[in-house]
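The values are calculated or read from the model by the stated rules, or taken from the named source; none is laboratory data. Predicted model only: the values in this text are computed from it and were never measured. All Cβ positions, glycine included, derive from the backbone under ideal geometry; neighbour counts span all protein chains shown. Heavy atoms of the whole protein, side chains included, go into the accessibility calculation; ligands, DNA and RNA do not. Shrake-Rupley method; radii C 1.70, N 1.55, O 1.52, S 1.80 Å.
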Amino acid sequence: SEDAELLESFFTESDDHLQNIESSILELENNPSHFEHLNVIFRSFHTIKGISGFLNLNDINFLAHQTESLLEYFLKQKLEVPPRLIEIILEHTDLMKILIQETRKRIKCEKSVCV
């Protein structure tokens, strides 16, 4: 039951992070040199990466790590965010939503009978 609580907490927190990412992406599209928005996105993926690693959610962890590494490069270089990177972040965010949703379903099915 403690594991179930940890997982549910992770799913809820991840949903919040994904909403923050989407809001920051919209802001970043309007101002690609405003690094605070990129930093919010980076921190959100970083948090998802850390917790998913702790919970052994490897697919989620891998995607979050790859996205975090890409964002870190742009943050360290202080590069203006090109439109293609924004597209990639959106794609990764959509994929992350799917991975989290599917993981949530799988875990619920493991605890009960699924049809």
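Here Thr93 meets the list (1) closer than 14 Å to Phe10 by Cβ; (2) within 12 Å of the chain's Cα centre (by Cα); (3) of a type in the set (S, T, N, Q) almost entirely, failing just condition (1).
One residue stands out among those in the stretch 72-87 that are within 12 Å of Pro32 (Cβ to Cβ) and among the hydrophobic types (A, V, I, L, M, F, W, C): the one that is modelled with the lowest pLDDT, which is Leu79.
Whenever a residue of the stretch 78-100 is in contact (Cβ under 8 Å) with a residue 40 or more places away in the chain, its partners that are assigned to a loop (DSSP other than H, G, I, E, B) and of a type in the set (S, T, N, Q), lying with C-beta atoms within less than 6 angstrom and at least six residues away or across chains, give the pairs Glu80/Ser33.
Rundown of residues vs (1) touching a Lys or Arg at 6+ places or on another chain (Cβ under 9 Å); (2) open to solvent by 80 Å² or more (accessible area, probe 1.4 Å), yes/no style:
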{"position": "Asp3", "(1), (2)": "no, yes"}
{"position": "Leu6", "(1), (2)": "no, no"}
{"position": "Leu26", "(1), (2)": "no, yes"}
{"position": "Arg43", "(1), (2)": "no, yes"}
{"position": "Leu63", "(1), (2)": "yes, no"}
{"position": "Glu68", "(1), (2)": "yes, no"}
{"position": "Leu79", "(1), (2)": "no, no"}
{"position": "Leu99", "(1), (2)": "no, no"}
{"position": "Lys108", "(1), (2)": "no, yes"}
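Filtered by the rule that a residue be under 21 Å from His65 (Cβ atoms) and either outside any helix (DSSP H, G or I) or of a type in the set (A, V, I, L, M, F, W, C) (or both), the stretch 11-34 gives Phe11, Leu18, Ile21, Ile25, Leu28. Quick one: is Glu8 closer than 24 Å to Cys109 by Cα and either among the aromatic types (Phe, Trp, Tyr) or part of a helix (DSSP H, G or I) (or both)? Yes.
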